[in-house]
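Structure first, commentary second.
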């Protein structure tokens, strides 16, 4: 038979104190003394990003070309243009813009 080894839970003055306590203590040691709680979860669909479905402007395409020439990472190009990485890759492909790095750092080069 398992014996009840639950410890007494100290009183906390704030949520921060409670969090700090359980960063250094095992919650399982205090499980029997934990209060029972009920809560509701409301799941909402995320709002679409502002550029979803919007056409690319000529200015954005120029920025894409310029950033690609500067070897800017695709993810960063997306952040700067307010587009997803996938949207950037798709538009680059449509416009014939290469997103491959031209001058990779030495850490990626094969050692002889």
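Annotations for the structure displayed:
- Based on the Stokes-Einstein relation at 37 °C and a viscosity of 0.692 mPa s, and on the Kirkwood radius from alpha carbon pairs, segment 58-101 is assigned a translational diffusion coefficient of 333 µm²/s.
- Each of 83, 46 was scored by other Cβ atoms within 10 Å of its Cβ. Arranged with the fewest first, they read 46, 83.
Every read-out reported here was derived from the displayed coordinates using simple, explicitly stated rules and does not represent laboratory data. Everything quoted here is computed from the prediction, not taken from an experiment. No Cβ is skipped: glycine too gets one built from the backbone with ideal geometry, and neighbour counts run over all protein chains shown.
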